[in-house]
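The values are calculated or read from the model by the stated rules, or taken from the named source; none is laboratory data. If you're wondering where the values come from, they're calculated on a predicted model, not measured in any experiment. Because the Cβ atoms are built from the backbone with ideal geometry, glycine has one as well, and the counts that use them run over all protein chains shown. Each accessible area value is taken on the protein alone, full model and side chains, heavy atoms only, with ligands, DNA and RNA left out. Shrake-Rupley method; radii C 1.70, N 1.55, O 1.52, S 1.80 Å.
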Amino acid sequence: MTAFKSITARKAALLSLACVMGSIAASSTLLSAAPAASPAYRLDTGDIIDVDIYGIAEFKRRAAVNVDGDLALPFIGALHVSGLSLAELRQSIVTNLMQLQVIQNPQVTVEIAEHRPFYISGDVSRPGAIPYRKGLAVRHAIALAGGFDVVHFRTDNPLMVTPELRARQQSQWLDLVKNEARAASIEAELADRTSFDLSAAVIPPFVAPAVVAEIVQAEQRALKARQQEWTMRVSFQQDRISQIKSNVADLLLGLQQQSEALTYQATAVERVADNVARGITPVNRGAEERRGLAQIKSQEIENRSKLSQAQAEFATAERDFDRMKGERISDLNHAYEEVTITREKVRLELKATQEKLLYAGAVKSQMGRNAAPDILIYRMVDGVTAAIAGGPDSEIQPGDLLDVMINHQAASENTQ
């Protein structure tokens, strides 16, 4: 009962603070829904900015807005940027550079490399600063802060956890379907089949058939592309082997013809030499026949060398082809092993998520709506801090302060 009174007093104090700020400025009010997004993001301490000038590499800089709201820039020095939009900052840099006569008509680009953090306090495990990422909602912030304080609440709030677990479950099922399709396509490729199907795979009803069909079609296209590439590689290698083989055959035929010509020419040399000895044929005719014999022998030696090189090239091409086929099978087996391991990991993760969902469902069935957390978001609006009543889906902005309060009395009463 004492804990309930302290929490009630804390809530009353926070709400009273919101009312006081509302009396100071009309824009500072306790809202029942998230405020409309500001027309332009305003820079402040902690934002990290990328600044660049086209054509001037030395000006390119990534710098953080310091505690004084200043940004240190080359040529300009410290430039006060707190409260400026990106467009205003860009114009300020352009104006300063032109006034300093450093660069005429500079083409300046400014981008936010990293937003300033937001802060979370209250009944969470790890209160403090959290780096901002676009699209964060209150439920994400609580998860990043380690969930609700287990010392006080003794469990994660199923109202927060269940939607994330369901989203994780669906994502894991999609990963499992993708891995099933990948494994089936590799099996088809190993068996030289051109298609596969997932008719034997177990797919839950909440995974849309259109999504499954799209995954199968994408993997089918990838299989077809891989097979087409392999066919081209095989065709290229076979053409290479065929060309070398044809060259070897031509060289063998040429050597056979040269061998016959060599025999004929050797006979002619002997015949002419006999005729020269008997004085029937001039001496110079014998010299011509010997030169012809020497030329044929030289061509034969050259062609035998070419034949040896072509035969070696033929053997190398056949070994390359065999090695290429072996490497393909090895790569496919390795890919199948990897996808099998990944598939089993996803199955284990999916099983763990399903068990968490069962546990969260059991806790949720015991909790009433009054056990949901009370959330206040403190945000600067037009230079004044506003207290905003938030919910699990309220969007977080850089610099926000989230105060999370669990109604422990209601939670304990509803879990008994």
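Here are the numbers for this structure:
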item	result
In sequence order, calculated HN-Hα J values of the stretch 200-209 (Karplus, 6.51, -1.76, 1.60; Hz; x Gly/Pro)	8, 6, 8, 10, x, x, 7, 8, 4, x
Selection of trypsin sites (Lys or Arg not before Pro), the stretch 59-145, meeting DSSP coil and at most 16 other Cβ within 10 Å	Arg133, Lys134
Exposure ranking of Val211, Val283 by accessible area [1.4 Å probe, largest first]	Val283, Val211
Gained length - Glu338 relative to Glu318, 0.36 nm times residue gap less alpha-carbon distance	4.2 nm
Gained length - Val381 relative to Lys297, 0.36 nm times residue gap less alpha-carbon distance	20.2 nm
For Gly122, distant residues with modelled amide H under 5 Å away	Val404
Long-range amide H partners of Leu73 with built H, under 5 Å	Ala78, Leu79
Segment Arg278-Lys345, length gained on full extension (0.36 nm per residue, minus Cα span)	14.3 nm
Long pairs among Lys224/Lys351; Lys178/Lys351; Lys224/Lys325; Lys245/Lys325, criterion Cα-Cα beyond 28 Å	Lys224/Lys351
Efficiency of FRET between Ala113 and Arg304 - r from beta-carbon atoms, R0 60 angstrom, step 0.05	0.30
Surrounding net charge for Ser394, when Lys and Arg each add one and Asp and Glu each subtract one, Cβ distance under 14 Å	-3
Calculated FRET efficiency for the pair Val67/Gln170, C-beta based, R₀ 51 Å, to 0.05	0.70
Label-point separation in nm, Ala129 to Arg233, each point 7 Å along Cα→Cβ	5.1 nm
Inter-label distance for Arg221 and Tyr54, nm, one decimal - labels placed 7 Å from Cα along Cα-to-Cβ	3.4 nm
Two-site FRET efficiency, Glu395 against Val207, from Cβ-Cβ distance with R₀ of 35 Å, rounded to 0.05	0.80
From phi via Karplus (6.51, -1.76, 1.60), per-residue ³J(HN,Hα) for the stretch 301-316 in Hz, x at Gly/Pro	4, 4, 5, 5, 5, 5, 5, 4, 5, 5, 5, 5, 5, 4, 5, 5
Whole-Hz couplings from phi, Karplus 6.51/-1.76/1.60, listed for the stretch 253-260; x for Gly and Pro	4, x, 5, 5, 5, 5, 5, 5
